[in-house]
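Accompanying notes for the structure given below.
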Amino acid sequence: MSPVPEQYVLKIHCPDVVGIVAAVAGFLADSGYFIVESSHFGDALTDQFFMRTVFTSGDKAPTRASFEAGFGAIAEKFGMTWSLHDSRVKKRVMIMVSKADHCLLDLLYRHGKGELNMEIPAIVSNHMHLANIADAHNIPYFHIPVTQDTKQEAEARLLDLIEETQTETVVLARYMQVLSDETCRKLSGRAINIHHSFLPGFKGARPYHQAHARGVKLIGATAHYVTADLDEGPIIEQMVERVNHSKTPEQLITIGRNTEARTLSRALGYHLEDRVFLNGSKTVVFD
């Protein structure tokens, strides 16, 4: 596995006005930083501006305090919300599952190959079915059963565990429980879910059987941030596969599993690399 190079990611969100790009680039150049990659987008409908800049520091590695001391005036001038992340620091990701293993296995494989720059402090499930997978990867497995009567206590335990493990991002890798509105709000922008269709199509049970009954020609998957509105959070990534009349529901399920796994892994990769910005009910993704 190749080491992550010394790079920093600067994310900026602010009202869209003239001069932002020049001010940011000028500050980085004057500070002796070398810009490796830069993307920006001005949303004409909302007058919001989004910018992601990757830079190296040479022998002047910035701390947040030192960077803010110089960048603070620019941020204040343009009303920026901003963050600075050292790419060498792995984000801590909790994976939540139920019984299906395809998304979990794909995430673990890509993590093992170094494709996803993260640490996994815990795998959490409302069942014990996938505990052996966690054991095989030496990852702590936490069983938090959920019933209608214990849902509140289970979510309280989940939130405590997120804090105890210093989890930054939660991935619902086919976790088949609906989180409460309160928990969704606490995890706003930090929890990613995978859905088995283009939202909002084919909700509920047996989605591929519904798709088969309707004779669909495309099936897909949607990865999105979790919100209190079920399966309607800001979309990060979507993928599709063409199918035809010859496919059985079981074959659609197989194709769908592969699509779900790839979509979730790609969306998580964008999130880990600080490529995703929330823009109201939508996202800006610099892929």
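Taken together, the values in this text are just the output of simple stated rules run on the coordinates, not laboratory data. Here the structure is a predicted model, which is why all the values come from computation and not from measurement. Counting neighbours? That spans all protein chains shown, and the Cβs are built from the backbone with ideal geometry, glycine included.
General remarks:
- The string of couplings for region 23-29 from the Karplus curve (6.51, -1.76, 1.60, θ = phi - 60°) is 5, 5, 4, x, 4, 5, 5 Hz, one whole number per residue in order, with x for Gly and Pro.
- ³J(HN,Hα), Karplus 6.51/-1.76/1.60, whole Hz, each residue of region 133-145, x for Gly, Pro: 5, 4, 4, 5, 9, 6, 10, x, 10, 10, 8, 10, x
- Across region 91-285, Cα-Cα distances exceeding 29 Å account for 20% of all pairs.
- Amide hydrogen neighbours beyond the local backbone of Ile120, cut-off 5 Å, H modeled: Val93
- A convex hull fitted to the Cα coordinates of region 8-86 yields 77 cubic angstrom per residue.
- For the peptides 264-274, 61-71, residues were scored by their other Cβ atoms within 10 Å and the scores averaged per peptide; the highest-first order is 264-274, 61-71.
- Region 221-232 - phi-based ³J(HN,Hα) in whole Hz, Karplus 6.51/-1.76/1.60, Gly and Pro as x: 8, 10, 9, 8, 6, 7, 9, 5, 7, 4, 6, 10
- In angstrom, the C-alpha Rg and Dmax of region 165-254 are 14.6, 48.
- For the listed peptides 276-283, 133-140, 104-111, a ranking on the average number of other beta carbons within 10 Å per residue, highest first, reads 104-111, 276-283, 133-140.
- For Glu273, no residue whose modelled amide H falls within less than 5 Å of its own remains once neighbours fewer than 5 places apart on the same chain are excluded.
- Flagged links, alpha-carbon separation over 25 Å, of Lys99/Lys217; Lys247/Lys282; Lys60/Lys113; Lys11/Lys91; Lys60/Lys91: Lys99/Lys217; Lys247/Lys282; Lys60/Lys113
- Proximity of backbone amide H atoms, modeled 1.01 Å from N, is registered between Val36 and Val54, Phe55, Thr56 at under 5 Å, excluding neighbours fewer than 5 places apart on the same chain.
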